[in-house]
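This report concerns only the one structure given below.
The values are calculated or read from the model by the stated rules, or taken from the named source; none is laboratory data. None of the values given here were measured: they were computed from a predicted structure. Neighbour counts are summed over all protein chains in view; Cβ atoms, including those assigned to glycine, are modelled from backbone coordinates with ideal geometry.
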């Protein structure tokens, strides 16, 4: 503590000198003067933040943190100190400490929208998306016209939600088919039917079940921000008393906890464009084993991968490489994606065979093994086969089905898939092409049986 006016004058002069040196860009001399001011005990709470900032600017982050800690030892919940310290901790890779420190800063100064935004960013980086969303909403309540805040929130939400989700929800034909199957199931079970909805997304299928008279609906959604939005949508539509949504995988549900009893009806729309990618078989098997009655109605009850042999110069350029700028790069084709999502009505390709069922999965079965079969595809047209374009046919209930056949489906969330061959194959009308088709429980397998004997590699035009 300063004991007399002379010491105050000396300290004040050092402070003024430090401020001038800093303004002139002489940060080293300014830092030394600020340290003198602190040693003299003059305006320490005001000077420590300036000193910490200069030290951080020269890259001595641990030393800068020590200055913020010195300030926090004087003012325990100093919001600026907590905020700035958290940012330094993050730069040092000490993310857990940074998040905890910034949480304290937000509690200390709940009206600080900048701190709330930074906290949300940190939470999002740590995978805590629902908490991040809450902080961004709080920040926007403080600054509703802040474009950057709104952009950050939308960016995180977009990263969490696949692009196909909204077109899928707008797919009227799909929605009508699922609702018809749900109505039929509830009519057969009765008005006390309990429904389990796995992967509820927006809550649409759950609300269909509630509207059709289900006694209760339990839904789960693994992505936290989607589960949170589903709860909001369900409440907005007046079904909060009938539908309970849990933000977890179905494997985290249990009878006696989230479910009062095994469900009468399972409805789930977790099929991917190539049928099985989203752990469909594991999910349905677990539900059969733990969460459903033995005679439960399953929607959908089966799904098939249908396809046809195709020729396409456009698709060739996405999956094959040969001579480029006078160099042979054909070996790089080994790295081509095994499957290529395409839009059947917008991609230039020519059919070389009729439609053929590649794989069928009975989702009412309790257990599935991986499967591989050989099929022969009759060739209808001469051409150079790029591969098989595949789509889905979904058997929802007796007399109710849905497909995304490329000839007549353009407005939904599902795309078609090209399963390309290792190399283009010359085929001729009247011949057959032998394929190995099946699945490994997670992905489809579609490959020529024997490239050497199946056909000759197409010659360059």
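Some points to look at:
- Only one entry of 286, 295, 328, 322 meets the criterion of being surrounded by fewer than 17 Cβ atoms within 10 Å (Cβ to Cβ) and under 27 Å from residue 174 (Cβ atoms), and that entry is 295.
- Qualifying residue in the range 145-154 (condition: at pLDDT 90 or above and either within 23 Å of residue 76 (Cβ to Cβ) or assigned to a loop (DSSP other than H, G, I, E, B) (or both)): yes
- Which listed residue is outside any helix (DSSP H, G or I), under 30 Å from residue 287 (Cα atoms) and touching a strand residue (DSSP E or B) at 6+ places or on another chain (Cβ under 6 Å), from 209, 214, 177, 185: 214
- Residue 347 being at pLDDT 90 or above and farther than 30 Å from residue 282 by Cα: no
- Only one entry of 249, 253 meets the criterion of being more than 24 Å from residue 394 (Cα to Cα) and out of contact with any helix residue (DSSP H, G or I) (no Cβ under 7 Å at 6 or more places or on another chain), and that entry is 253.
- Count of the range 57-71 residues which are under 15 Å from residue 82 (Cβ atoms) and in contact with a helix residue (DSSP H, G or I) (Cβ under 8 Å, 6 or more places away or on another chain): 7
- Meets criteria (out of contact with any strand residue (DSSP E or B) (no Cβ under 8 Å at 6 or more places or on another chain) and at pLDDT 95 or above) for residue 357: no
- Answer residue from the range 386-399, given it is surrounded by fewer than 24 Cβ atoms within 10 Å (Cβ to Cβ) and in contact with a strand residue (DSSP E or B) (Cβ under 9 Å, 6 or more places away or on another chain) and is nearest to residue 181 (Cα to Cα) among those: 397
- Checking each residue in the range 187-206 for being over 18 Å from residue 255 (Cα atoms) and either outside the structural domain of residue 250 (by TED's automatic domain parsing) or crowded, with 24+ Cβ neighbours inside 10 Å (or both) picks out 200, 203, 205, 206.
- Considering the range 80-132, the residues that are without any contact (Cβ under 8 Å) to a residue 12 or more places away in the chain and in contact with a helix residue (DSSP H, G or I) (Cβ under 7 Å, 6 or more places away or on another chain) include one that is farthest from residue 155 (Cα to Cα), namely 97.
- Within the range 273-360, strands (runs of 3 or more DSSP E) holding 2 or more residues that are assigned by TED's automatic domain parsing to the domain that holds residue 396 and under 26 Å from residue 384 (Cα atoms): 302-311, 340-342
- Unmet requirement for residue 81, which otherwise passes all of (1) more than 17 Å from residue 56 (Cα to Cα); (2) more than 26 Å from the chain's Cα centre (by Cα): (1)
- There is no residue in the range 347-356 that is more than 16 Å from residue 406 (Cα to Cα) and surrounded by fewer than 16 Cβ atoms within 10 Å (Cβ to Cβ).
- Hits in the range 251-272 (condition: within 22 Å of residue 415 (Cα to Cα) and either assigned to a strand (DSSP E or B) or more than 21 Å from the chain's Cα centre (by Cα) (or both)): 267, 268, 272
- The combined condition, being within 30 Å of residue 254 (Cβ to Cβ) and within 25 Å of the chain's Cα centre (by Cα), is fulfilled by residue 217.
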